[in-house]
1. Using the basic label-point model (7 angstrom from Cα toward the beta carbon), what is the residue 334 to residue 156 distance in nanometres?
2. For the pair residue 44 and residue 103, what calculated FRET efficiency results from E = 1/(1 + (r/R0)^6), where r is the Cβ-Cβ distance and R0 = 30 Å, to the nearest 0.05?
3. Using the per-residue mean of other Cβ atoms lying within 10 Å as a proxy for protection, in what order, highest first, do the peptides 338-349, 118-129 fall?
4. Using 7 Å Cα-to-Cβ label points, what is the residue 2/residue 293 separation (nm, one decimal)?
5. Please list, or write none, the lysines whose alpha carbon is within less than 18 Å of the alpha carbon of residue 235, excluding same-chain residues fewer than 8 places away.
6. Which of rounded, prolate, oblate describes the stretch 206-299, given a ≥ b ≥ c as roots of the alpha-carbon gyration tensor eigenvalues and a/c under 1.5 marking rounded, otherwise prolate only if a/b is larger than b/c?
7. Would you kindly state how much longer the chain becomes between residue 270 and residue 87 on full extension, computed as 0.36 nm times their sequence separation minus their alpha carbon distance, in nm to one decimal?
8. Could you tell me how far the Cα centroid of the stretch 81-131 sits from the Cα centroid of the stretch 276-307, in Å?
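Every number here is computed from the coordinates shown, using simple stated rules; none is lab data. All figures in this text were calculated on a predicted structure; none of them were measured in a lab. Positions of Cβ are backbone-derived with ideal geometry, glycine not excepted, and every protein chain shown enters the neighbour counts.
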Amino acid sequence: MQIVLFDPKFRDSLLPLTFTKSVAKLRVGGFCIDQKWEKALGLLVKILTQDYLQCLYDSKNIEGNILYINAAVCPNEILAEELNSISFTKAIFSNDILIGFKSSENLSLEQIHNLTFDIKVQTKSDVSIIQNPWDLFKLAGKEIAEDISRFDLDKQSENNLTKQNIVFGNQLFSHPSAKAKGCIFNTESGPIYLGEDTEVMEGSIIRGPFFLGEHSAVKLGAKIYGPTVIGPHCKVGGEISNSVLQGYSNKGHDGFMGNSVLGEWCNLGADTNTSNLKNNYSKVSVYSYATKSMENTGEQFCGVIMGDHSKTGINTMLNTGSVVGVSSNIFGGDFPPKFIPSFYWGGKTGETFKLEKAFEVAEKMMARRNVSLTENDRQILSHIFHLEQQ
């Protein structure tokens with residue numbers, strides 16, 4: 001049986017985060033969705049996504065019996081068992097959302113989206129589905145705890161940090177190579193995991209749930225409230241609350257970030273602040289790429305949703321519920337717009353960030369992590385650039 005994770009119909013609701021990657025590559029908790037399914041099913045997965053993104057993923061040799069799974073769905077034991085045991089005449093749903101089905105045909109994304117099923121079986125599991133960007137920070141606490149257990153990180157942990165730090169509770173887990181001295185870890189409200197080759201510098205205070213991905217660092221005196229996920233190869237500092245950094249991004253200085261999601265290769269300049277609560281305490285509205293209008297999130301707390309390769313300058317102030325596209329550069333003393341499209345250059349007013357300049361910045365930042373900007377990366381950014389200029 002081959003496993004294929006397919007982008008759902010509501011993929012556009014997850015923009016700008018999915019401009020540059022499949023839904024399966026979103027980090028929810030400590031790991032990306034495709035990594036979770038590979039662990040849950042014990043099999044490698046294939047990814048079926050938008051045509052312009054498929055170059056990033058191997059789609060060859062998909063044949064025989066195939067289990068198709070909605071890439072926005074996070075696995076759990078019950079759901080994995082349901083999918084494994086379902087017959088070819090049925091499909092599993094959560095209310096009206098297709099979760100998965102089996103087929104002997106190699107189907108396209110369009111074919112999957114147009115399928116009808118005679119027998120729809122409702123899942124019995126408490127399924128986590130990523131339908132909106134803010135679901136990433138809303139589900140972070142649950143997924144951190146499940147990932148620590150799913151990947152046996154608690155059993156592999158070496159608690160060699162307790163003597164050099166103040167620790168509350170008994171849920172501090174760490175890779176043997178993780179380093180921390182003179183810090184306060186409170187695990188009474190959820191587990192804390194420090195990944196391979198990570199460092200939490202002196203004076204930092206962290207309250208779980210918290211996940212620090214491999215090769216990432218928490219800088220001196222940081223204050224972090226869970227649930228928070230810091231992906232691999234990140235640097236963070238200042239004050240952070242209930243936020244997710246997908247990976248390879250920096251919020252390395254003082255300034256507040258709450259109820260936010262940063263994509264990859266983002267950088268927040270010193271003293272960048274994100275508002276996550278409106279002065280009148282009303283529900284936060286954000287720009288939706290799916291409807292091309294402002295939509296009510298139903299959430300009282302929502303900070304910034306930022307696509308890959310975007311950055312802010314020093315002392316940038318971001319409004320409650322800001323949405324920033326891909327490869328934008330934001331600076332200036334006034335509040336920028338709540339919706340900042342891709343390839344934006346400026347603050348309250350701005351102009352188009354030239355594509356070649358965007359390539360140049362991306363190359364320089366990625367080189368700092370010993371990663372190259374590939375020809376596929378260039379083609380994808382070019383596609384987004386021309387798409388956003390229409």
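1. Placing both labels 7 Å along Cα→Cβ, they lie 5.1 nm apart.
2. After rounding, the FRET efficiency stands at 0.95.
3. Answer by packing, highest mean first, reads 338-349, 118-129.
4. Between residue 2 and residue 293, the simple spin-label model gives 4.1 nm.
5. Correct list for residue 235: 179, 181, 219, 223, 251, 311, 364.
6. Cα axes put the stretch 206-299 in the prolate bin.
7. 60.4 nm
8. Taking the Cα centre of each part, the stretch 276-307 and the stretch 81-131 sit 30 Å apart.
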